[in-house]
Amino acid sequence: MDAEALQAFLTQPHDAIISVNRVGKGSQLSPVWFVWDGEAFLFFTQKASAKLANIMRDPNISVLVNDQSTHTYVIAYGRAEVVELEQYPELWNTISAKYRPAERSEQFAAAIQAIGRLSRVVIAFKPEKMVGRTLVLERDPGEI
């Protein structure tokens, strides 16, 4: 996948699956809404979450963004950074606009801001490595 296709794919409203390392156990996987700013995946998490505790203990994470309908995916590896909401004042609105219909995005952003500003932080994940693929099917997978 070239850089232009990668950028276009990551602007679409696909969920990302975040993989963080748990202590002495397997990975913790969490679906998140995200924004790709051209350099980093940005997403929210609650301050009291196990995900945040695991990221603070071990910031090495992986991210999978998958589109089942086009058989396209991006996998990214690297270190996450926990930042305060004030560094990204428009992130609520940007994520809301990406994932909600236009007529509901403003209402959603206002509700999230009202209930979540004190209990959430932003995770900024600048990948060290990214791999993207589009699978091309030459025939219907149901054919023999």
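All of the numbers you see were taken from the coordinates with simple rules; none came from a lab. Computed from a predicted model, the values in this text were never measured in an experiment.
Decide, for the range 3-134, between rounded, prolate and oblate: order the square roots of the alpha carbon gyration tensor eigenvalues as a ≥ b ≥ c, take rounded if a/c falls under 1.5, and otherwise choose prolate if a/b is larger than b/c, else oblate. Oblate, since a/c reaches 1.5 and b/c is not below a/b.
Pairs of alpha-carbon atoms within less than 8 angstrom and 6+ residues apart define the contacts here; what relative contact order does the range 1-107 have, in percent? Please list the in-between numbers first.
Details: 137 pairs, mean separation 25.4, N = 107.
Answer for the range 1-107 is 24 percent.
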